[in-house]
Amino acid sequence: MKSSNYSEYFSVTEVADILSVSKETLERWNANGKLIPIHHPVSNYRVYHRDQLLVFDEARQMFNTRWDDEMKTKPKRKYTSIELFAGAGGLALGLEKAGFEHVALNEIMPDACDTLRKNRPQWNVLEGDVAQISFEQYKGTVDMVSGGFPCQAFSYAGKKLGFEDTRGTLFFEFARVVKEVQPKIFLGENVRGLLEHDEGRTLATIKDVISELGYTLVEPQFLKAIFYMVPQKRERLFLVGIRNDLTDKLQFEWPSPYKRILTVRDALKAGDLYPTDVPDSPGQKYPKRKQEILSLVPQGGYWRDLPLEIQKEYMKGSFYLGGGKTGMARRLSWDEPSLTLTCAPAQKQTERCHPEETRPLTTREYARIQTFPDAWEFQGKIGSIYKQIGNAVPVNLAYAMGRALVRMLNNLD
């Protein structure tokens with residue numbers, strides 16, 4: 001069942017997404033009386049009424065969202081930024097849409113640099129190892145440094161670490177650039193796993209270093225992309241830092257959620273996200289036997305929906321191991337968000353089969369699920385293009401964060 005923007009009724013799948021719980025959890029809540037579905041007055045489908053969901057914070061935030069007001073955010077003046085680890089430009093493009101002007105972008109992957117130059121010839125793309133590039137010329141002239149540094153462990157040797165002790169990691173390079181440039185604010189982006197990485201010591205060290213550099217860290221939050229007009233179940237951790245001399249003037253507020261959850265249909269068909277159906281583009285193909293097997297998987301299904309003997313053939317040794325393995329032989333559903341896109345659409349552990357056709361998603365379908373505009377042209381061979389898209393921050397998620405950062409900076413003027 002497909003809901004409208006302001007639906008009174010929500011399907012089981014939609015409620016599971018809104019509340020970030022599994023359908024199995026909703027079944028348990030039904031059994032114990034915590035949340036009992038009703039039958040839709042017209043279709044007779046099992047659904048939940050809007051009023052039933054108001055006891056949950058996630059639902060209230062969506063129903064009472066300030067999204068439309070926040071969309072009106074405009075910078076009061078030109079805000080400049082430097083982006084590190086820019087990749088194919090997902091974060092940079094979202095921040096640009098929000099009003100930031102990039103004075104420099106660094107990326108080490110040649111194909112990704114070509115993608116940036118192809119789409120934004122005016123951008124100052126610094127190709128190469130960030131450790132070999134000085135940014136001291138920008139000291140005191142840039143509003144923000146941003147970038148998604150990879151999650152890496154530090155070598156502790158039984159001591160508390162400072163800035164110099166993190167040398168050799170990409171976080172050190174991010175921190176070094178902040179130290180050199182002294183921007184008003186910074187934006188760091190990472191995987192959710194950073195919260196628990198190395199039993200929390202990695203994040204604790206990052207917090208210590210940020211404090212040592214003279215910045216106050218807003219308590220990090222992980223944002224679910226499905227709440228920010230992205231048709232994909234992807235979570236990213238964001239770190240916002242404010243220079244200590246500005247903390248009395250700058251208060252950061254996280255962006256409000258969009259008014260509904262977008263789906264694969266929204267990504268690939270004309271609608272709220274795109275004015276046209278997805279254009280044709282290259283894509284990988286399945287081997288003959290894999291295609292035969294995946295043709296048996298229903299929309300939204302996975303390997304457990306196959307006949308038992310075919311399950312064993314496809315899963316091989318994994319069939320007898322524990323765990324849900326829910327990404328294997330997985331076909332997407334038109335009326336649900338996509339699962340998190342990875343660097344390749346046809347890997348056995350993270351299958352992303354088209355909802356109707358038995359094939360991997362094409363490169364443009366991949367890009368749409370990441371909310372790149374159709375005009376954004378990726379450079380390189382097809383494997384490199386999938387990797388660039390899969391590694392990107394969804395553009396609309398970056399746009400929502402960018403608007404929140406602009407609103408904060410506007411308070412300075």
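Residues that are under 20 Å from the mean Cα position of the chain (by Cα) and under 30 Å from Tyr366 (Cβ atoms), at least 2 per element: which strands (runs of 3 or more DSSP E) completely within region 180-260 meet that?
Output list reads 185-190, 221-224, 235-243.
Each row is one residue, and each column tells you yes or no for (1) under 19 Å from Phe172 (Cβ atoms); (2) of a type in the set (A, V, I, L, M, F, W, C); (3) out of contact with any His (no Cβ under 6 Å at 6 or more places or on another chain).
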| residue | (1), (2), (3) |
| --- | --- |
| Asp69 | no, no, yes |
| Gly89 | no, no, yes |
| Gly94 | no, no, yes |
| Ile108 | yes, yes, yes |
| Ala131 | yes, yes, yes |
| Glu136 | yes, no, yes |
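Every residue in region 85-98 that is touching a Gly at 6+ places or on another chain (Cβ under 7 Å) and either surrounded by fewer than 24 Cβ atoms within 10 Å (Cβ to Cβ) or not assigned by TED's automatic domain parsing to the domain that holds Pro183 (or both), please.
Within region 85-98, Phe85, Lys97, Ala98 meet the criteria.
Consider Val21 against the criteria (1) exposed (fewer than 12 other Cβ atoms within 10 Å of the Cβ); (2) aliphatic (A, V, I, L, M); (3) more than 30 Å from Arg407 (Cβ to Cβ): it satisfies all of them except one. Which criterion is unmet?
(1)
Let me spell it out: the conditions are (1) acidic (Asp, Glu); (2) surrounded by fewer than 18 Cβ atoms within 10 Å (Cβ to Cβ); (3) modelled with pLDDT under 95, and Glu351 meets all of them except one. Which number is the exception?
(2)
Closer than 23 Å to Ser146 by Cβ, crowded, with 23+ Cβ neighbours inside 10 Å and not assigned by TED's automatic domain parsing to the domain that holds Tyr274: which single residue out of Ala398, Ala367 fits that description?
Ala398
Which of the residues that make up region 150-173 are surrounded by 17 or more Cβ atoms within 10 Å (Cβ to Cβ) and either modelled with pLDDT of 95 or more or among the charged types (D, E, K, R) (or both)?
If the condition is that a residue be surrounded by 17 or more Cβ atoms within 10 Å (Cβ to Cβ) and either modelled with pLDDT of 95 or more or among the charged types (D, E, K, R) (or both), then Asp165, Glu173 are the ones that fit.
Farther than 25 Å from Ser256 by Cα, among the β-branched types (Val, Ile, Thr) and either touching a helix residue (DSSP H, G or I) at 6+ places or on another chain (Cβ under 7 Å) or at pLDDT below 95 (or both): which single residue out of Ile18, Ile36 fits that description?
Going through Ile18, Ile36 in turn, just one is farther than 25 Å from Ser256 by Cα, among the β-branched types (Val, Ile, Thr) and either touching a helix residue (DSSP H, G or I) at 6+ places or on another chain (Cβ under 7 Å) or at pLDDT below 95 (or both): Ile36.
Give me the residue from region 185-238 that is of a type in the set (Lys, Arg) and either free of Cβ contacts under 8 Å to residues at least 60 places away in the same chain or in contact with a Phe, Trp or Tyr (Cβ under 9 Å, 6 or more places away or on another chain) (or both) and, out of that set, nearest to Gly148 (Cα to Cα).
Looking at residues that are of a type in the set (Lys, Arg) and either free of Cβ contacts under 8 Å to residues at least 60 places away in the same chain or in contact with a Phe, Trp or Tyr (Cβ under 9 Å, 6 or more places away or on another chain) (or both), I get Arg236.
The values are calculated or read from the model by the stated rules, or taken from the named source; none is laboratory data. Only a predicted model underlies this, so the values are computations on that prediction, with no experimental measurement involved. Ideal geometry is used to build each Cβ from the backbone, glycine not excepted, and the neighbour counts take in all protein chains shown.
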